[in-house]
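A short write-up of the structure that comes next.
The values are calculated or read from the model by the stated rules, or taken from the named source; none is laboratory data. None of the values given here were measured: they were computed from a predicted structure. Here the Cβ is made from the backbone with ideal geometry for all residues, glycine too, and neighbour counts use every protein chain on show. To get the accessible areas, we keep the full protein, side chains included, count just its heavy atoms, and leave off ligands, DNA and RNA. Shrake-Rupley method; radii C 1.70, N 1.55, O 1.52, S 1.80 Å.
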Amino acid sequence: QVQLVEAGGGLVQAGGSLRLSCAASGRTASNYAMGWFHQAPGKERKFVAAIVRGDSSTSYADSVKGRFTISRDNAKNTVYLQMNSLKPEDTAVYYCAARFLTYTDDPESYDYWGPGTQVTVSS
């Protein structure tokens, strides 16, 4: 089992920044690729970004490229999502997820999920 807990959500004005964190614990948590997804009310859960452990290669949704940065601190088993130049359309619940070894952009392929943290961007 891998346990995930997100933190750092909140209310911010358009153009502002937030930094989300996801603390992982449990057996071999460090062997998992980590992804961030978001889900707006009435919409499906969508891929935001992901990172693998080994070479820290990353992947981003087109909508966040150049604005968001995913990173991880393996010593702390924590993944971060730095969100800059936030837009009202970024408003959603943000979820951290873990998948063994490598990442995909398909939420159905992830094994473990955190409870989520709300991000609200006002115009």
*Give me a count of the residues in the range 36-68 that are assigned to a loop (DSSP other than H, G, I, E, B) and of a type in the set (S, T, N, Q).*
3
*Residue selected from the range 1-23 under the condition touching a Phe, Trp or Tyr at 6+ places or on another chain (Cβ under 7 Å) and in a strand (DSSP E or B), by the criterion most open to solvent (accessible area, probe 1.4 Å)*: 19
*Can you name the condition, by its number, that residue 36 falls short on among (1) open to solvent by 20 Å² or more (accessible area, probe 1.4 Å); (2) of a type outside the set (Asp, Glu); (3) under 17 Å from residue 6 (Cβ atoms)?*
(1)
*How about the range 89-123: which of its residues are open to solvent by less than 20 Å² (accessible area, probe 1.4 Å) and in a loop (DSSP other than H, G, I, E, B)?*
110, 114
*Looking only at the range 63-84, which residues are out of contact with any Phe, Trp or Tyr (no Cβ under 9 Å at 6 or more places or on another chain), modelled with pLDDT under 95 and either surrounded by fewer than 16 Cβ atoms within 10 Å (Cβ to Cβ) or on the phi < 0 side of the Ramachandran plot (or both)?*
74, 75, 76, 78
